[in-house]
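Notes follow once the structure below has been shown.
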2 protein chains.
Amino acid sequence: MQTSPAPETSSRQTAREELKSIALRQFASVGFAGTSLQQIADAAGYSKSSVLYHFASKEALLEATLTPAMDTLGEILDRFVSRAPSRSAQDAFVAEFIDFLLVNRLQVHMFVNQGQSLQGMAVIGRANGLIESLASSLCGEMRTAEERVRFSVALGGAAYMLSASEMWSTAPLSDDETRAALVTVVSELLAPMQLRPMAS
Amino acid sequence: MQTSPAPETSSRQTAREELKSIALRQFASVGFAGTSLQQIADAAGYSKSSVLYHFASKEALLEATLTPAMDTLGEILDRFVSRAPSRSAQDAFVAEFIDFLLVNRLQVHMFVNQGQSLQGMAVIGRANGLIESLASSLCGEMRTAEERVRFSVALGGAAYMLSASEMWSTAPLSDDETRAALVTVVSELLAPMQLRPMAS
DNA sequence: GCCTACACTGACCGATCGGTCAGTAACCTG
DNA sequence: CAGGTTACTGACCGATCGGTCAGTGTAGGC
């Protein structure tokens, strides 16, 4: 909806993106309820009014913050579901999924350990649906207790590991080290689960 | 500190304990920052002033809420460290630790995914120390990246599984099912780690 | 009966919360 | 130079926050 040539970058998108990224960091570290619009505005060098100019409300800001990651996750899932069920397909999926976790660790952290208190929000409902269909893809109806535990330990454990590693007293792991170790551990966790991918 | 016969139960301890348990539930589900003293008071049927009569501040209430679990964890750790390092000792410890997680799941949930935002608090510092010494007991200095990942996935995954299972759309698992599955999965996760318990 | 200690409460405090609104300076279009 | 849009802001709103304080009722010890 605009005819201007190109250099709209300065203000057209950057402020919004900057606010989203700062808000995400704050939400993930202090919690959604524990973060005020004023804090976000201060950290970004804007006024609180500016934040509410770009986003209709605090909740809308959170939605905008989490939605792109959910889009990505949806694509990854679609790709997995459309493949034939095999060990190699599952391995490829695990690698893809762990890359997703690495890139979107803060968003996943938000979902994993604030999802409970944000249940009313649309993006959280969507995330729950995606995770549920992921679970179904990996093992039909999540039959045994052990399968459920394997799945949620892998998901919650990876999410925790990625967001809490900064709290370790030792030096943080590089992304490459983390990815390799996570692929090993998560594959091991999911290996005993029977493969039965299914659409919808 | 009291000479009265016996029935001091009605008011001497119950109000405090009741407030602690209600506060813990709220803190765990909505977050410490997201829970107001008014909400806790309402849920308990007291006034906000009463909450502040029993606990000097909101932070003091959180400390009182988490401290008993930390005491228990300290005892479990001491017991493990004082045993000779062996596979059977580790298995016994894992079982003991998972019982601890089951009983204190909300407190562990608080530590695991709000520890970051509560770093200033004494009880959180203590919990971090305990976890660190637990990690040291299991594998010296946490040498390899994979060992670190195994440890934190087991801890964070178990904590997530226990607190998020209520969000599953299916019926929740019984404690016995959960314990058995967790023991299997966590033992499997920690098995490749070399045992080198050490004091302090 | 008197007195203290205890459990508890309502009124109130300054600060901050999310959110609204009336601007304003800069810029593009005609 | 008008006119409109865009990005942004300060002043302000009612509500709520954590916390203080001056009580009030009551039970037990003397």
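The values are calculated or read from the model by the stated rules, or taken from the named source; none is laboratory data. Being a predicted model, the structure only gives us computed values, none of them experimental. Quick reminder, even Gly has a Cβ in these numbers, built from the backbone with ideal geometry, and neighbours come from all protein chains shown.
For region B:12-65, residues that are away from DNA strand D (no atom under 12 Å from the Cβ) and aromatic (F, W, Y) total 1. Among the residues of region B:54-69, are any loosely packed, with under 14 Cβ neighbours inside 10 Å and not in a loop (DSSP other than H, G, I, E, B)? Yes, some residue in region B:54-69 is loosely packed, with under 14 Cβ neighbours inside 10 Å and not in a loop (DSSP other than H, G, I, E, B). Residue-level check: of (1) within 12 Å of DNA strand D (Cβ to nearest atom); (2) in a loop (DSSP other than H, G, I, E, B); (3) in contact (Cβ under 8 Å) with a residue 60 or more places away in the chain, B:P85 misses just (1). Just wondering, is there one or more residues in region B:152-171 that are farther than 29 Å from A:E141 by Cβ, more than 7 Å from chain A (Cβ to nearest Cβ) and crowded, with 19+ Cβ neighbours inside 10 Å? No, region B:152-171 contains no residue that is farther than 29 Å from A:E141 by Cβ, more than 7 Å from chain A (Cβ to nearest Cβ) and crowded, with 19+ Cβ neighbours inside 10 Å.
Which residues, taken from region B:132-145, are within 7 Å of another protein chain (Cβ to nearest Cβ), in a helix (DSSP H, G or I) and buried (at least 17 other Cβ atoms within 10 Å of the Cβ)?
The one that is within 7 Å of another protein chain (Cβ to nearest Cβ), in a helix (DSSP H, G or I) and buried (at least 17 other Cβ atoms within 10 Å of the Cβ): B:A145.
Remark: A:E146 matches the filter, which requires a residue to be touching a Pro at 6+ places or on another chain (Cβ under 9 Å) and over 15 Å from B:F151 (Cα atoms). Here the condition is being within 16 Å of A:G34 (Cβ to Cβ), part of a helix (DSSP H, G or I), outside the structural domain of B:Y160 (by TED's automatic domain parsing) and without any contact (Cβ under 8 Å) to a residue 24 or more places away in the chain; of B:Q116, B:Q39, it holds for B:Q39 alone. Being surrounded by 15 or more Cβ atoms within 10 Å (Cβ to Cβ), among the small types (G, A, S) and out of contact with any helix residue (DSSP H, G or I) (no Cβ under 6 Å at 6 or more places or on another chain) is a property that holds for A:A33.
Do we have any residue at all in region A:161-169 that's among the hydrophobic types (A, V, I, L, M, F, W, C) and under 21 Å from A:D78 (Cα atoms)?
Checked region A:161-169: no residue is among the hydrophobic types (A, V, I, L, M, F, W, C) and under 21 Å from A:D78 (Cα atoms).
From the list A:A135, A:A154, A:A122, pick out the single residue that is at pLDDT 90 or above and out of contact with any Gly (no Cβ under 8 Å at 6 or more places or on another chain). The unique qualifying residue is A:A122.
Filtering B:L73, B:L62, B:L37, B:L66 for residues that are out of contact with any strand residue (DSSP E or B) (no Cβ under 6 Å at 6 or more places or on another chain) and within 14 Å of DNA strand C (Cβ to nearest atom) leaves a single hit, B:L37. Looking at region B:55-71, can you tell me whether even one residue there is touching a Ser or Thr at 6+ places or on another chain (Cβ under 6 Å) and touching a residue at least 60 places away in the same chain (Cβ under 8 Å)? The answer is no; no qualifying residue exists.
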